[in-house]
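Read-outs throughout are calculated quantities, based only on the coordinates presented, and are distinct from any laboratory measurement. Computed from a predicted structure; not experimentally measured. In this analysis, Cβ positions are derived from the backbone assuming ideal geometry, glycine residues included, and neighbour counts consider all displayed protein chains.
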Amino acid sequence: MTFTKPLEYGGHALVWSGDWTPEGARKAIAGAALAGYDYIEIALLDPWKVDVDLTKDLLQEFNLRAHASLGLSVSTDVTSSNASIVEKGDELLRKATDVLAAIGGKELCGVIYCALGKYPGPASKENRVNSVTAMQRLADYAADRGININLEVVNRYETNIINTGIEGLTFLDQVNRSNAYLHLDTYHMNIEEDGMEKSILAAGDRLGYVHIGESHRGYLGTGNVDFESFFNALKKIDFRGPITFESFSSEVVDPNLSNTLCVWRNLWDDSDDLAKKALMFMKEHY
C-alpha cells in the first residue's frame with residue numbers, strides 16, 4: 001500500500017533543541033511553528049524516552065505535524081552478522097515506528113538500514129542481505145501503521161551500504177516494498193554525487209523525502225551546494241514529498257548524534273533567524 005505524500009516543509013528538531021525533555025520538546029516545536037514550518041522532524045534515537053502524550057499535546061497546541069528520523073548504532077546495526085544485534089536493531093526500529101504512529105506522523109527516515117558511522121571496510125554480501133531483509137521487515141511493520149520508510153543516502157564516512165542515489169535505487173529494488181522510498185540529502189549529495197540532478201531524475205516518484213543542508217551545515221546559500229540544480233531537478237519530477245531543513249551547530253548539541261556527525265563548529269547561534277531564513281530560501285527555490 002502506498003500513502004500519498006503532501007508537499008510540506010519542516011525543520012529538524014536539532015535546529016532548536018538538543019534533547020526531547022519537556023523543555024526541549026516545547027522549544028523545538030514552538031520554534032518550528034514560529035518559523036512557519038508545516039512539521040518538525042524529531043530524532044528518535046531513543047524512542048523509549050519520548051513522552052508521547054506530551055509530544056501530541058505540544059503538536060496540537062502549536063498546530064504542527066511531526067515526522068521522525070534516526071540512525072542506528074553499532075549495538076543496533078541490522079547489517080551485523082550477530083543475530084542478537086540485528087534483533088536489537090529491529091526492536092529499536094519497531095519502537096520508533098510505534099512512537100511515530102502514536103504522534104500522528106507518516107514518514108520515518110534516516111540511516112535506518114545500518115549503523116550511522118564510519119565502517120572499517122566495505123560491506124559484505126551478508127551485510128547487504130541482512131540490511132535488505134531488515135528493511136523488508138520494517139516496511140511491512142510500518143505499512144500496517146500507515147507509515148512510509150525513507151532510506152537516507154549518506155556519504156562514505158557514515159555508511160558503507162549506499163552512498164549515491166543510484167545505489168539507493170538498486171537497494172530499493174531489492175527491498176521491493178511500495179511504502180519504501182529514497183531519501184536524498186543535499187549535504188551528502190554534494191560529497192558523493194555526479195552533480196545534483198542525476199539521482200533525482202532517476203528516482204522520480206521513488207524519491208520520498210528530502211533533507212536540505214548546506215555543505216558546512218550552516219546557513220543555506222553560504223556554502224557550495226548547487227541548490228539551483230537540485231531544486232530544478234525536483235521541479236522536473238514534480239516532487240511532492242516532505243522537504244526538511246537540517247542544520248547542526250555546537251550551539252545546540254545532542255551528545256550522541258552530534259559526536260557521530262562531527263558537529264564541532266558553532267556555525268550559528270540564533271535558531272529562529274536560521275530557521276526563518278532557511279524556509280524563505282527553500283520556498284524561493286521551490
Report ³J(HN,Hα) in whole Hz for each residue of region 81-91, in order, from the Karplus equation J = 6.51 cos²θ - 1.76 cosθ + 1.60 where θ = phi - 60°; Gly and Pro get x. 7, 8, 4, 5, 5, 4, 5, 5, x, 4, 4
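With a/c under 1.5 counting as rounded, go ahead and sort region 68-204 into rounded, prolate or oblate using the C-alpha gyration tensor (a ≥ b ≥ c being the square roots of the eigenvalues; past the cut-off, prolate if a/b is larger than b/c, else oblate). Can you show the working numbers first?
Values: a/c = 1.67, a/b = 1.16, b/c = 1.44.
It comes out oblate by the Cα gyration axes.
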Name the residues whose placed amide hydrogens come within less than 5 Å of the amide hydrogen of Asp185, ignoring near sequence neighbours (fewer than 5 apart) on the same chain. Val153, His211
Could you check the simple spin-label distance between Glu23 and Glu91, using points 7 Å along Cα→Cβ, in nm with one decimal? 3.1 nm
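Could you give the length gained by full extension between Asp269 and Glu251, i.e. 0.36 nm per residue of separation minus their alpha carbon distance, to one decimal place?
Numbers: separation 18, 0.36 × 18 = 6.48 nm, distance 0.57 nm.
Here the segment from Asp269 to Glu251 would lengthen by 5.9 nm.
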Estimated vicinal HN-Hα couplings, Hz - region 15-25 in sequence order (Karplus 6.51, -1.76, 1.60; Gly, Pro = x): 5, 10, 9, x, 9, 10, 5, x, 5, x, 5
Give the span of region 83-149's Cα atoms along each principal axis, as three whole-Å numbers ordered largest to smallest. 39, 20, 19
Please give the contour-minus-distance gain from Ser75 to Asn259: 0.36 nm per residue of separation, less the Cα-Cα distance, rounded to one decimal in nm. 64.6 nm
For Lys283 paired with Lys118, estimate the spin-label separation in nm (one decimal), with each label point 7 Å from Cα along the Cα-to-Cβ line. 4.0 nm
Tell me, what is the Rg over Rh of region 1-154, with Rh the Kirkwood radius over Cα pairs? 0.99
222 nm mean residue ellipticity, helices alone, for the chain (DSSP H n ≥ 4; -39,500 (n - 2.57); rounded to 500): -12500 deg cm²/dmol
Can you list the residues, at least 5 places off or on another chain, whose amide H is less than 5 Å from the amide H of Ala115, using H built in the peptide plane? Val78, Thr79
Once amide H atoms are placed 1.01 Å from N in the peptide plane, what residues at a sequence separation of 5 or more from Glu41, or on another chain, have their amide H within under 5 Å of its amide H? Gly11, His12, Ala13, His67
For Lys235, counting only aspartates and glutamates whose alpha-carbon sits under 18 Å away and dropping same-chain residues fewer than eight positions off, the answer is Glu8, Asp185, Glu197, Asp205, Asp226, Glu284
Which ³J(HN,Hα) values in Hz, rounded to whole numbers, follow from the phi angles of region 6-12 under the Karplus curve 6.51 cos²θ - 1.76 cosθ + 1.60, where θ = phi - 60° and Gly and Pro get x? x, 6, 8, 10, x, x, 6
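Within a Cβ distance under 13 Å of Ile166, other residues only, what is the Lys/Arg minus Asp/Glu net charge? Walk me through the numbers before you get to the answer.
Working: positive: Lys198, Arg206; negative: Glu167, Asp173, Glu192, Glu193, Asp194, Glu197.
Computed value for this residue: -4.
Once the Cβ-Cβ distance between Asp140 and Ile237 is put in as r, and R0 is 30 Å, what FRET efficiency do you end up with, to the nearest 0.05? Show your work: numbers first, answer last.
Numbers: r = 27 Å, r/R0 = 0.89.
Step by step, r from the Cβ atoms, then E = 0.65.
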Which of (i) 61, 22, 16; (ii) 25, 22, 19; (iii) 37, 19, 18 is the computed semi-axes √(5λ) of the Cα gyration tensor in Å? It is (ii)
Gaussian network model of the chain, Cα within-10 Å springs - most flexible of Asp38, Asp173, Asp19: Asp173
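Among the listed pairs Lys56/Lys236; Lys106/Lys277; Lys95/Lys118; Lys88/Lys198; Lys236/Lys276; Lys49/Lys283, which are separated by more than 31 Å between their Cα atoms? List each step's numbers first, then the result.
Values: Lys56/Lys236 36 Å; Lys106/Lys277 26 Å; Lys95/Lys118 25 Å; Lys88/Lys198 36 Å; Lys236/Lys276 26 Å; Lys49/Lys283 34 Å.
Check vs 31 Å cut-off fails for Lys56/Lys236; Lys88/Lys198; Lys49/Lys283.
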